[in-house]
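First the structure, in the form of structure tokens, and then the observations on it.
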Amino acid sequence: MPTATAERRSQRITLDVPLVVKGHGEGKQAFREQTFTLSANAHGVLLTLRSKVSVGQKLLLLNQKNWDECEGRVAYVGMAHAGMTRVGIEFTRPAPEFWSLHAPPEDWF
């Protein structure tokens, strides 16, 4: 994931949304994990996972507030800490509506 705000396609905001992440881990074993967002924008999300994932891996996200689903791919995997890893996920297409915000940043549309 880009590190500079100027490199982002849409403004990232701090957001706490409960999610379910589904995918296939090592050995192609399916996993389903409940987590929450750390920050998000129209193009993706930063969250924490216990499951091991790798850059480029496809995942399905389920927003537990509105039950919307969104596909994405892992764009960033951070260092593990206390069994959790920060993971950046880029949506396959921009999805500002996935977050159901009443007043999202202007550059999300």
First in region 1-28 and at pLDDT below 95, second anywhere and surrounded by 14 or more Cβ atoms within 10 Å (Cβ to Cβ) and among the acidic types (Asp, Glu), Cβ under 8 Å, 6 or more apart: Met1/Glu90
Please give the number of the condition Val45 fails out of (1) out of contact with any strand residue (DSSP E or B) (no Cβ under 7 Å at 6 or more places or on another chain); (2) of a type in the set (A, V, I, L, M); (3) closer than 20 Å to Trp108 by Cβ. (1)
Going through region 79-103 one residue at a time, which ones are of a type in the set (A, V, I, L, M), under 15 Å from the mean Cα position of the chain (by Cα) and in a strand (DSSP E or B)? Met84, Val87, Ile89
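This table checks each residue for (1) open to solvent by 10 Å² or more (accessible area, probe 1.4 Å); (2) on the phi > 0 side of the Ramachandran plot.
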| site | (1), (2) |
| --- | --- |
| Leu59 | no, no |
| Asn66 | yes, no |
| Glu71 | yes, no |
| Val74 | no, no |
| Ala82 | yes, yes |
| Gly88 | no, no |
| Pro96 | yes, no |
| Glu106 | yes, no |
| Phe109 | yes, no |
When you scan region 5-26, do you find a residue that is β-branched (Val, Ile, Thr), part of a strand (DSSP E or B), farther than 17 Å from Phe109 by Cα and touching an Asp or Glu at 6+ places or on another chain (Cβ under 6 Å), even just one? yes
Suppose we filter region 36-54 for residues that are open to solvent by 40 Å² or more (accessible area, probe 1.4 Å) and over 17 Å from Met79 (Cα atoms); how many remain? 1
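The values are calculated or read from the model by the stated rules, or taken from the named source; none is laboratory data. This one's a predicted model, so the numbers in the text were calculated from it and none came from an experiment. Ideal geometry is used to build each Cβ from the backbone, glycine not excepted, and the neighbour counts take in all protein chains shown. The accessibility values were calculated without ligands, DNA or RNA, using every heavy atom of the protein model including side chains. Shrake-Rupley method; radii C 1.70, N 1.55, O 1.52, S 1.80 Å.
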